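Have a look at the structure below before the remarks.
Quick note: the coordinates plus some simple rules give every number you see, no bench work behind them. The structure displayed is predicted, hence computed values, not measured ones. For neighbour counting, all protein chains shown are included, and Cβ atoms are generated from backbone atoms with ideal geometry for every residue, glycine included.
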Amino acid sequence: MFCPELHTLLRPSRATVRTAPEAPSGWTSTCRDGAEEALSWLKWITEKLGRSLNEAKTCVRDARRESFDFLGYTFAPMIYRRTGQTYLGVAPSKKRVKRFKQSLRTVLHAGNHAPLGEVMEKVNRKLQGWGQYFSIGTLEPAYRTLDRYSSALLRKFLVRRHKVPGRGTRQFGYRYLYEDLGLVRLQDRRQVSRSHALA
């Protein structure tokens, strides 16, 4: 989040003051010069408010050279594949992708004997919620990873439930998973958002 008050106090630079979500302010401020001054200012403000920063999770990062995670996203220098140019980008963090995989496994496990419709509703609700939150920046790699993982995990779940020999790729192909069962596909969401942007 850009902080206009802080912007007026400092001269231009590309340093970034990053505070963890647990900190009372919970924002990332782009400053134009003197990130250390910005951090000191932030400490002064929080003290005036009777609060304190989490020193262990508050730091200064040069966004041109370093990556950092904030609110589930990774901010870092990235390379545009078509041109090879470097840009300052944002993408879902690897930690959040891993955590979401674990969340899917809490539903698609062998001990879940709920009706399939109920199972699909829970799985799709998780996918839709994740896609709604992680909807800006470079999304394709994370979306593709989770689409592959969710379809493979659902197929494994169905193989166990129906005691089908093998991996079930013939009985539970992609058409069955996405069309018959209605499994949410995150990459489809990305295509829809692009079409809206071009409209």
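List of remarks:
- Kirkwood-based Rg to Rh ratio, segment 89-199, C-alpha trace: 0.99
- Vicinal HN-Hα couplings computed from phi for segment 55-70 (Karplus, 6.51 cos²θ - 1.76 cosθ + 1.60; Hz; Gly/Pro x): 4, 6, 10, 10, 8, 10, 10, 8, 5, 6, 10, 10, 9, 8, 9, 8
- Computed label-point distance, nm, for sites Gln128 and Arg99 using a 7 Å Cα→Cβ extension: 2.2
- Backbone amide hydrogens, once placed in the peptide plane, bring Tyr73 within less than 5 Å of Ser93, excluding anything fewer than 5 places away on its chain.
- Exceeding the 20 Å Cα-Cα cut-off - candidates Lys95/Lys126; Lys98/Lys163; Lys57/Lys94; Lys95/Lys122; Lys57/Lys95: Lys98/Lys163; Lys95/Lys122
- Taking amide hydrogens as placed 1.01 Å from N in the peptide plane, the amide H of Met78 sits under 5 Å from those of Tyr87, Leu88, Gly89, each at least 5 positions away in sequence or on another chain.
- Estimated vicinal HN-Hα couplings, Hz - segment 163-171 in sequence order (Karplus 6.51, -1.76, 1.60; Gly, Pro = x): 6, 8, x, x, 8, x, 5, 7, 6
- Of the trypsin sites (Lys or Arg not before Pro) in segment 97-199, those whose Cβ has at most 13 other Cβ within 10 Å and which sit in DSSP loop: Lys163, Arg167, Arg170
- Cα centroid separation, segment 116-148 to segment 37-63: 34 Å.
- Gained length - Ala114 relative to Asp62, 0.36 nm times residue gap less alpha-carbon distance: 13.8 nm
- Straightening the chain between Arg51 and Tyr176 buys 39.6 nm, computed as 0.36 nm per residue apart minus the Cα-Cα spacing.
- Whole-Hz Karplus values for segment 95-101 come out as 5, 6, 5, 5, 5, 5, 4 Hz, taken residue by residue from phi with 6.51 cos²θ - 1.76 cosθ + 1.60 and θ = phi - 60°; glycine and proline positions read x.
- The spread of Cα positions in segment 38-89, taken along each principal axis and listed from longest to shortest, comes to 50, 20, 15 Å.
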